[in-house]
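Let me begin by presenting the structure, written as structure tokens, before commenting on it.
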Amino acid sequence: MGMKIDGEKNMAHGTIDATIEENDEHVAIVEIKYSEYPKKSLNSLINECFKQIHEKEYYLPYEDSDVSLIALALKDRPIKNGTITDVKCKIEKWNY
């Protein structure tokens with residue numbers, strides 16, 4: 001398939017949680033947020049992901065590629081016999 005996956009990619013303004021590159025034509029920038037705090041919603045975590053991507057301009061090195069931004073939110077919640085992790089993902093196309 002020609003995909004390259006990098007985790008913890010250091011950039012000038014921060015560290016990208018992950019990138020997925022496909023044949024130098026498409027890049028997905030992945031930001032992941034996790035919370036155990038009961039009042040923190042998955043939607044707020046998603047918003048934090050996109051805010052970080054945009055504030056730190058993680059997409060700039062990939063201006064010549066087709067870029068997707070992926071926000072992944074994980075939140076633990078207690079259940080009867082332990083904990084379950086809820087997950088939400090949102091993908092946006094980055095427009096130059």
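The values are calculated or read from the model by the stated rules, or taken from the named source; none is laboratory data. Bear in mind the structure is a predicted one, so any value in this text is a computation, not a measurement. Cβ atoms come from the backbone with ideal geometry, glycine included; neighbour counts cover every protein chain shown.
Overview of values
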{"read-out": "Qualifying position, being closer than 30 Å to residue 83 by Cα, surrounded by 15 or more Cβ atoms within 10 Å (Cβ to Cβ) and among the hydroxyl-bearing types (Ser, Thr, Tyr), among 19, 15", "value": "19"}
{"read-out": "Identity of the residue in the range 55-90, among the small types (Gly, Ala, Ser) and modelled with pLDDT under 95, that ends up farthest from the chain's Cα centre (by Cα)", "value": "82"}
{"read-out": "Close pairs (7 angstrom Cβ cut-off, 6 or more residues apart or separate chains): of a type in the set (Ser, Thr, Tyr) in the range 56-67, part of a loop (DSSP other than H, G, I, E, B) and surrounded by 12 or more Cβ atoms within 10 Å (Cβ to Cβ) anywhere", "value": "59/94"}
{"read-out": "Output for the range 1-55, where each listed residue is polar (S, T, N, Q) and under 16 Å from residue 70 (Cα atoms)", "value": "15, 19, 43, 44, 47, 52"}
{"read-out": "Complete set of residues in the range 1-39 that are of a type in the set (Phe, Trp, Tyr) and at pLDDT 95 or above", "value": "34"}
{"read-out": "Options 6, 24, 86; residue that is touching a Lys or Arg at 6+ places or on another chain (Cβ under 7 Å) and loosely packed, with under 14 Cβ neighbours inside 10 Å", "value": "86"}
{"read-out": "Close pairs (6 angstrom Cβ cut-off, 6 or more residues apart or separate chains): at positive phi in the range 10-31, loosely packed, with under 15 Cβ neighbours inside 10 Å and not aromatic (Phe, Trp, Tyr) anywhere", "value": "23/2"}
{"read-out": "Some residue of the range 29-51 being among the acidic types (Asp, Glu) and exposed (fewer than 12 other Cβ atoms within 10 Å of the Cβ)", "value": "no"}
